[in-house]
Structure formats: structure tokens, C-alpha cells
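Below you'll find the structure I mean.
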Amino acid sequence: MKDKLSQGREFLLDGIESGRFPAGSKLPGARDLAAELHISFLVAQHVVSSLEQDGVIECVSRRGAYVRHGWENRLIRNHLVIFQPFREWIPGMLGFLAEELPELRFSRGFRRGMFELRTTFELQEHRDDYMDLSRFLPECIHDEGRFFSRPFRGFSEPDGRLFGIPFIFSPRVIFFNRGMLAAHRLPAPRKNWTWEEFIGLIRTLRRHYPAERVFTYFDRPYFWMNFIFRAGGKLIDRLPDGSTRVCIDSPETIRGMALLRELCTTVYGFVSRGVVECPFHNGDIALAMADRELYSVIHHSGFDDWGTVPLPEIPGGRNVTTQATDLICVRRECADNALAGKYIRFLLGERMQQYIGQRRYGIPILKQAAQASIDSEDPRDLLFLNEMNTMSAEYNVDSPPLTEIIYGGVSDIIHSDRPLEPAAAELASALRTILKVRDEIRRKKN
């Protein structure tokens with residue numbers, strides 16, 4: 001049971017997040033708040049004062065309390081924020097949270113929380129904003145053998161700092177619609193299929209369907225990095241000594257960008273950043289590249305005429321896919337290590353891991369929960385376990401400014417008609433100059 005102060009805070013915060021008390025609006029006075037919530041006037045005053053200290057509201061002498069503009073950017077000491085707060089498994093999690101960790105408040109309106117679940121790319125981009133969680137591993141993971149170890153790669157620094165702990169993870173595979181292929185006597189994709197077979201299938205499908213019903217193409221790093229990885233390329237390489245090597249102009253990376261252009265023009269007939277209007281689980285798309293989250297959506301949709309297959313092989317490349325991960329992270333500003341430890345133990349605990357496994361949302365990091373989650377009688381689901389060893393979370397971004405330059409620049413190259421080699425060389429040269437200046441500034445500071 002939450003105390004009266006917490007109940008009062010939640011009442012006002014819920015009203016602000018829901019829009020009942022929009023930015024700039026006047027809040028109920030302390031006497032009205034006390035009467036509505038059946039709390040004392042003194043407690044109601046403390047509620048208002050505490051939210052003023054948090055920067056969420058502003059108190060104006062003799063006029064009252066008002067919701068601040070930009071309240072959603074404030075960082076509240078006990079807030080839990082999840083990157084997609086309306087997932088279908090959230091209500092069940094909230095029930096567990098109320099029982100086991102009532103100190104935390106789940107927020108749907110604030111952009112940041114002291115405690116968060118973030119995605120691979122998002123967390124890597126802002127890694128310096130988060131606490132080192134390696135200190136919590138001995139108390140939160142008593143037996144490392146109970147947890148998958150591979151998904152942790154890509155979330156630690158050369159000095160051992162761990163800025164995120166995987167909650168769930170998944171490799172990416174190709175989903176295909178059996179009915180749409182069979183309607184045109186096209187064979188289902190097979191394991192070890194080649195890039196040429198993949199492109200050939202898309203080219204044939206385009207004769208029968210509009211682009212948006214052929215393949216899900218997204219202009220997002222988690223999408224196009226798969227093909228750069230599989231061509232043997234990288235964007236940047238973070239080395240053990242802390243330095244960064246630029247790989248954007250390597251032959252392998254340029255080859256991956258060339259294949260992405262081929263894919264894009266085959267689907268759309270021109271260089272496009274992609275528009276997807278038809279959801280795969282409705283049976284309206286022939287091919288989709290996705291993680292196990294889509295498996296969960298399809299499982300609950302009733303659509304069953306589909307299959308899964310690994311991503312196509314690229315001769316001379318690598319068998320690598322980008323790892324999808326939801327990560328446990330804690331902001332550097334957190335001063336409550338005890339609560340941080342409870343938060344980590346809550347999400348890694350058997351109860352929560354088994355629950356997320358039952359929802360088939362990704363692969364739980366706890367092996368026991370993962371084994372119970374995967375349908376061993378369904379080869380479509382087993383493929384995710386088989387492809388685990390191909391995962392890589394080495395997106396290798398290390399700061400928001402660098403990320404914007406790298407991913408914005410690479411995306412612009414892929415989706416333009418500029419000659420690839422000089423365009424990649426120009427971007428790589430600019431990055432090397434930026435990194436050289438940055439490293440020199442860091443050396444002087446040290």
C-alpha cells in the first residue's frame with residue numbers, strides 16, 4: 001500500500017499524463033486535493049511542494065499551482081519508463097510491479113525515467129547517460145549459467161562498464177506468406193538461400209503485387225545494418241584501447257550499401273526510403289524481416305499460413321544478423337543503489353521472465369523461461385533459437401552527435417544515386433577528422 005504522499009503525487013501525475021491537467025493549466029488547490037483524496041491538508045501541501053521541486057509544476061504566489069510546459073522532459077526519481085509503454089504485456093507487468101516493487105511508478109507520459117527499458121540502438125547511442133550496472137550482477141545473477149551470455153555483448157565498454165542488461169532479445173529472420181507465394185506457384189524460401197534467390201523472388205512478386213505488399217523495407221539502422229553485416233562490413237569499430245576505427249569506406253561496407261540499393265530499387269523501382277502500409281500478421285505482405293516480436297503478434301492474430309527462414313546468404317560475407325534487445329538501464333542521476341538493485345532483480349527474476357516468455361515477446365534472457373517459451377513443435381519458432389549464434393549488437397555508436405552523422409550519412413548514401421565509393425570516402429574522411437579532434441580534446445583533458 002502506498003503512503004498518502006505517494007497517492008497524492010500519483011493522482012496529479014496521472015492527471016497530467018492523461019491530459020486532464022494539460023500544460024499551463026491550474027491544478028486543484030491543496031484544500032480541494034485533500035478533500036478529494038481524503039488526505040490531510042498538510043500532506044496535500046507536501047504533494048504540491050514535492051512536484052514543484054521535481055520541476056513538474058510551478059507555484060505562483062496567491063494564484064495557485066500550474067502545470068509547467070515541458071513537464072514531460074523532467075527526470076523523476078522513482079519513474080520507470082519503457083520505450084513503448086502500450087505493449088500488450090504491460091498490464092501484467094504492472095500487476096507484478098505493484099506487488100513486488102511499489103516504490104516505482106510506471107510512467108506513460110514522461111520521456112525519461114530514472115529506471116528504463118530501452119532498445120539496442122537507442123541505448124548505445126546514449127550510453128554515457130546510464131549507470132554502470134556491472135556492480136549489480138553478482139547480487140542479481142547469482143548463477144551466470146542460468147542466463148544467456150551472448151546477448152550481453154555490445155553493451156559493455158573496454159574498461160568493463162556495463163550500461164545495459166538484456167531483458168529479452170531476438171535475432172532477425174525473414175517471415176514469408178505461404179499463400180501469397182503459392183498463389184503464383186513460387187517455392188517457399190529455404191535455409192541457406194542466396195542473395196540472388198532473394199532478389200529474384202522479390203522481382204517476381206513485384207509483377208503481381210504493389211511494392212507495399214511485397215517486402216517490409218524500413219529506413220532504420222536496425223534494418224539496413226543486417227545487409228551491411230552480412231556483406232562483411234561495419235560502420236565503425238570500437239577498439240579495446242578506446243579508440244575508434246572508421247570502416248564506412250571499406251570494400252565490404254560499400255558492397256553492403258550496393259546490395260541495399262539493389263533491394264530498394266527492386267522493391268520500389270527507384271531509390272526509396274520505404275513505406276509499409278500492410279501489416280504482415282493480416283496476411284497482406286509476402287515477405288517481412290523481423291524479430292520474435294512479430295511471431296508474438298502473429299500468434300495472437302489467428303493468421304497461420306506463414307513460415308520463417310534465415311536471412312539470405314551473401315557470398316563472401318558473414319552469417320550475422322542485428323540483435324533486437326530490450327535492455328534494463330538506470331540513469332546516472334540515480335542515487336538509490338538499493339532501488340536500482342531491486343529493479344534489476346525484478347526484471348531478471350523468474351516470475352517476470354516466465355511471464356514475458358508466456359507472452360512470446362522476444363526470447364527471455366533467463367534460459368529456463370526461454371526454453372518454456374519456444375514452441376519446440378513449431379520449426380518457425382525454433383528458428384529463433386537456431387539463429388541466436390548469428391546475432392550481433394555491435395552497432396558501435398558511442399554518442400548522439402556521432403550517431404546522427406554516421407546513420408544520417410549512411411542512409412543518405414544508400415537512398416541516393418551518388419556513386420558509392422566517393423560518397424563513402426567523403427563521409428569516412430569527415431568522421432576521421434571529427435574523431436581525431438575529439439580524441440585530441442580528450443587527451444588534453446586527461
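The values are calculated or read from the model by the stated rules, or taken from the named source; none is laboratory data. Worth saying up front: this structure is predicted, and the values here are computed from it rather than measured. Neighbour counts are summed over all protein chains in view; Cβ atoms, including those assigned to glycine, are modelled from backbone coordinates with ideal geometry. Keep in mind that these areas ignore ligands, DNA and RNA; they rest on the heavy atoms of the full protein, side chains included. Shrake-Rupley method; radii C 1.70, N 1.55, O 1.52, S 1.80 Å.
For the condition open to solvent by 10 Å² or more (accessible area, probe 1.4 Å) and not basic (Lys, Arg), what is the one hit in Pro400, Pro364?
After ruling out the rest, the residue left standing is Pro400.
Yes/no matrix, rows are residues, columns are (1) buried (at least 16 other Cβ atoms within 10 Å of the Cβ); (2) aromatic (Phe, Trp, Tyr):
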{"site": "Gly92", "(1), (2)": "no, no"}
{"site": "Glu99", "(1), (2)": "no, no"}
{"site": "Leu104", "(1), (2)": "yes, no"}
{"site": "Arg118", "(1), (2)": "yes, no"}
{"site": "Gln124", "(1), (2)": "yes, no"}
{"site": "Asp128", "(1), (2)": "no, no"}
{"site": "Phe136", "(1), (2)": "yes, yes"}
{"site": "Glu139", "(1), (2)": "no, no"}
{"site": "Gly145", "(1), (2)": "no, no"}
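Separate question: Evaluate segment 352-359: report whether one residue or more is part of a helix (DSSP H, G or I), of a type in the set (Gly, Ala, Ser) and open to solvent by 10 Å² or more (accessible area, probe 1.4 Å).
So in segment 352-359, the residues part of a helix (DSSP H, G or I) come out as 352-358.
Still in the running and of a type in the set (Gly, Ala, Ser): 357.
Among the residues that remain, those that are also open to solvent by 10 Å² or more (accessible area, probe 1.4 Å) are: none.
No - not one qualifying residue is present in segment 352-359.
Say whether the condition of being out of contact with any Cys (no Cβ under 8 Å at 6 or more places or on another chain), hydroxyl-bearing (Ser, Thr, Tyr) and under 30 Å from Phe176 (Cβ atoms) is met by at least one residue in segment 338-347. Spell out how you get there, then give the answer.
Residues of segment 338-347 that are out of contact with any Cys (no Cβ under 8 Å at 6 or more places or on another chain), as a first pass: 338-339, 342-343, 346-347.
Cutting the leftovers down to hydroxyl-bearing (Ser, Thr, Tyr) gives us 343.
Filter once more, keeping what is under 30 Å from Phe176 (Cβ atoms): none.
Looking through segment 338-347, none of the residues is out of contact with any Cys (no Cβ under 8 Å at 6 or more places or on another chain), hydroxyl-bearing (Ser, Thr, Tyr) and under 30 Å from Phe176 (Cβ atoms).
Let me ask something else. Restricting attention to segment 403-429, which residues are small (Gly, Ala, Ser) and surrounded by 15 or more Cβ atoms within 10 Å (Cβ to Cβ)?
Those that are small (Gly, Ala, Ser) and surrounded by 15 or more Cβ atoms within 10 Å (Cβ to Cβ): Gly409, Ser411, Ala423, Ala424, Ala428.
Answer yes if at least one residue in segment 375-383 is of a type in the set (Ser, Thr, Tyr) and either open to solvent by less than 70 Å² (accessible area, probe 1.4 Å) or over 30 Å from Ser296 (Cα atoms) (or both), and no otherwise.
No, segment 375-383 contains no residue that is of a type in the set (Ser, Thr, Tyr) and either open to solvent by less than 70 Å² (accessible area, probe 1.4 Å) or over 30 Å from Ser296 (Cα atoms) (or both).
Provide a single number: the residues in segment 53-75 that are on the phi < 0 side of the Ramachandran plot, outside any strand (DSSP E or B) and either without any contact (Cβ under 8 Å) to a residue 60 or more places away in the chain or open to solvent by less than 30 Å² (accessible area, probe 1.4 Å) (or both).
Total satisfying the criteria: 11.
For (1) open to solvent by 30 Å² or more (accessible area, probe 1.4 Å); (2) among the hydroxyl-bearing types (Ser, Thr, Tyr), each residue gets a yes or a no:
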{"residue": "His281", "(1), (2)": "yes, no"}
{"residue": "Ala288", "(1), (2)": "no, no"}
{"residue": "Asp291", "(1), (2)": "no, no"}
{"residue": "Tyr295", "(1), (2)": "no, yes"}
{"residue": "Ile298", "(1), (2)": "no, no"}
{"residue": "Pro310", "(1), (2)": "no, no"}
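On to the next question. Could you list, in sequence order, all residues of segment 333-348 that are open to solvent by less than 30 Å² (accessible area, probe 1.4 Å), of a type outside the set (A, V, I, L, M) and either free of Cβ contacts under 8 Å to residues at least 40 places away in the same chain or in a helix (DSSP H, G or I) (or both)?
Correct list: Gly341, Tyr343, Phe346.
If you don't mind, another one. Please report, ordered by residue number, the helices (runs of 4 or more DSSP H) entirely within segment 195-310 with at least 1 residues that are in contact with a Leu (Cβ under 7 Å, 6 or more places away or on another chain) and farther than 30 Å from Ile374 by Cβ.
Because the criterion is at least 1 residues that are in contact with a Leu (Cβ under 7 Å, 6 or more places away or on another chain) and farther than 30 Å from Ile374 by Cβ, the helices (runs of 4 or more DSSP H) in segment 195-310 that meet it are 195-206, 251-268.
Within segment 1-29, restricting attention to residues that are open to solvent by less than 20 Å² (accessible area, probe 1.4 Å) and of a type in the set (A, V, I, L, M), which residue is farthest from Gly109 (Cα to Cα)?
Leu27
Output the qualifying pairs, or none if there are none: Cβ atoms under 6 angstrom, residues six or more apart or on different chains, first residue in segment 217-232 and of a type in the set (Asp, Glu), second residue surrounded by fewer than 24 Cβ atoms within 10 Å (Cβ to Cβ).
So the pair list comes out as Asp219/Arg273; Asp219/Gly274; Asp219/Ser411.
Looking only at segment 147-178, which residues are open to solvent by 20 Å² or more (accessible area, probe 1.4 Å) and in a strand (DSSP E or B)?
Ser156
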